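The values are calculated or read from the model by the stated rules, or taken from the named source; none is laboratory data. Note that the coordinates shown come from a computational prediction; the quantities given were computed from them, not determined experimentally. Ideal geometry is used to build each Cβ from the backbone, glycine not excepted, and the neighbour counts take in all protein chains shown.
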Amino acid sequence: MKAIRRSSQKVGEIELFRAIFSVIILLRHSEYLTGRAFVFIGGSFAVEFFFIVSGYLMMNSLERKRDVPIENLAQETLQFVRKKALAIYPEIVLSFVIGFLVKCVSVSLSSGQIAELFSGSFFELILVQRTGVGTNSVNSVVWYIQSMLLCMIILYPLIRKYPEMMTRIVLPLGALLLLGWLSQNYNDLRGPGVWTGYTYKGNLRAMAELCLGATCFFAVERIRKIRFSRFARILFCAVKWACWIILILYMVDGRTKYDFFGCVLFCIAIVLSFSRICIDQGIYQNSVVLFLGKFSVPLYFNHVYFAWNLNALLPQRMSDGAKMICYIVCSVAASILVMLLAKRLRSGYPKLKIRLQRLFFARQTTDQFEQA
């Protein structure tokens, strides 16, 4: 099968729902502040969207390399995962720092407690806590990134080495078997921090849904080859929006027994969005929607530590409504700050890297770094 050239342009509708589901997760975590989630009691189900989309994008990257010969699979895998991590690592580090400071100020930790908090959450900072190491958490939402990267380290070389076997058989079958195991043992997909005896439940959830996303990629490729009538495009649009609306309404409710069917609806909506065949597709390709998608990253990372700690900083008699306003304002303000600082870090990183290399390494070694 020949590799097909694909546009690297972001799909506006996917970016829009990145923002929507980030807000839903923010509102879901208000439970830690007020004792009950604001509107979206089942908002944790939004993470399924991010995993499936991540699986699709991973497969898109792999398909671009289908005709490229493999030279060093281990190095290529590490480069892929490193690129994924570095794309959002400035936001992760900055969010960790702010969350750490908020925690220390709100609880008035002693120096010993601060050291204990940092040592226990250090593995969260370096993105390996989902292996089972580490005892504390400063910014628990980072679990999604950790689980995603751990699973991609396994999936990427296998798909690269055995593309036909993996994409036609192993990925769809693996998704079904993992989802089936989770269904029989837990009846839902929630609770990523549950230890199954071998690994976290969230890692199995990530693996299953990355496999689903990769499978969705090939459904999109098939659909894109077909020319549909205007009526069909309108019908697809109606089906897509029915899926999105049902999923959002499901997140309002706290029930979890339809999680696995919800994954099917996510796959349908995501396939129709990425295929760009719906009648409304062009509406979302604008700078406002793309900015919202970009802003969803710092917003996702900069809210839960406020939900955990604001009660200790706010007056005890403050109403839940006032607390929610403070929570949202603090989260948005911190997200804007992190977004601006991350941009600054990225622009200054090349110069900083060269200076550090010259400071710590001999001239000959530094020249080798710069050539690489």
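Brief remarks follow.
- Given (1) closer than 21 Å to His29 by Cα; (2) small (Gly, Ala, Ser); (3) out of contact with any helix residue (DSSP H, G or I) (no Cβ under 9 Å at 6 or more places or on another chain), number of the condition Ser95 does not satisfy: (3)
- Matching residues, the range 12-46, being of a type in the set (Gly, Ala, Ser), buried (at least 20 other Cβ atoms within 10 Å of the Cβ) and within 24 Å of Ala312 (Cα to Cα): Ser30, Ala37
- Checked against (1) surrounded by 14 or more Cβ atoms within 10 Å (Cβ to Cβ); (2) more than 22 Å from the chain's Cα centre (by Cα), Ser119 passes all but a single condition, namely (1).
- Close contacts from the range 304-325, counting a first residue that is within 26 Å of Ile92 (Cβ to Cβ) and a second that is aromatic (Phe, Trp, Tyr), with Cβ to Cβ under 8 Å and a gap of 6+ residues or different chains, come to Val304/Tyr32; Phe306/Tyr327; Ala307/Tyr32; Ala307/Tyr327; Trp308/Tyr32; Leu310/Tyr327; Met324/Phe38.
- Residue among Tyr305, Tyr284, Tyr300 that alone is hydroxyl-bearing (Ser, Thr, Tyr) and touching an Asp or Glu at 6+ places or on another chain (Cβ under 8 Å): Tyr284
- Looking across the range 31-49, the residues that are small (Gly, Ala, Ser) and assigned to a helix (DSSP H, G or I) come down to Gly43, Ser44, Ala46.
- Total residues in the range 50-81, condition farther than 13 Å from Ile145 by Cβ, in a helix (DSSP H, G or I) and not hydrophobic (A, V, I, L, M, F, W, C): 10
- Output for the range 90-124, where each listed residue is in a helix (DSSP H, G or I), of a type in the set (A, V, I, L, M) and farther than 20 Å from Ser296 by Cα: Leu101, Val102, Val105, Val107, Ile114, Ala115, Leu117
So that you can scan it fast, the table gives a plain yes or no per residue for (1) within 22 Å of Phe49 (Cα to Cα); (2) in a helix (DSSP H, G or I):
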position: Leu127; (1), (2): yes, no
position: Gly134; (1), (2): no, no
position: Val141; (1), (2): yes, yes
position: Ser147; (1), (2): yes, yes
position: Leu155; (1), (2): yes, yes
position: Leu158; (1), (2): no, yes
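- Residue count for the range 156-201, restricted to those that are of a type in the set (Lys, Arg), surrounded by 14 or more Cβ atoms within 10 Å (Cβ to Cβ) and closer than 27 Å to Leu73 by Cα: 1.
- Some residue of the range 57-67 being under 16 Å from the mean Cα position of the chain (by Cα), modelled with pLDDT of 95 or more, farther than 17 Å from Tyr300 by Cβ and not small (Gly, Ala, Ser): yes
- Glu91 vs. criteria surrounded by 14 or more Cβ atoms within 10 Å (Cβ to Cβ), of a type in the set (Asp, Glu) and modelled with pLDDT under 95: no
- Among all residues of the range 284-292, there is none that is free of Cβ contacts under 8 Å to residues at least 40 places away in the same chain and more than 23 Å from Arg18 (Cα to Cα).
- Filter result for Ser273 (touching a residue at least 40 places away in the same chain (Cβ under 8 Å) and touching an Asp or Glu at 6+ places or on another chain (Cβ under 6 Å)): yes
- Residue satisfying condition, being within 30 Å of Arg64 (Cβ to Cβ) and touching a strand residue (DSSP E or B) at 6+ places or on another chain (Cβ under 9 Å), within set Arg160, Arg130: Arg130
- The single condition among (1) of a type in the set (Phe, Trp, Tyr); (2) touching a residue at least 24 places away in the same chain (Cβ under 8 Å); (3) assigned to a helix (DSSP H, G or I) that Phe231 does not meet is (2).
- Ser108 being surrounded by 14 or more Cβ atoms within 10 Å (Cβ to Cβ) and either in contact with a helix residue (DSSP H, G or I) (Cβ under 9 Å, 6 or more places away or on another chain) or modelled with pLDDT of 95 or more (or both): no
- Total residues in the range 217-252, condition within 10 Å of Ile277 (Cα to Cα), surrounded by fewer than 17 Cβ atoms within 10 Å (Cβ to Cβ) and touching a Phe, Trp or Tyr at 6+ places or on another chain (Cβ under 8 Å): 1
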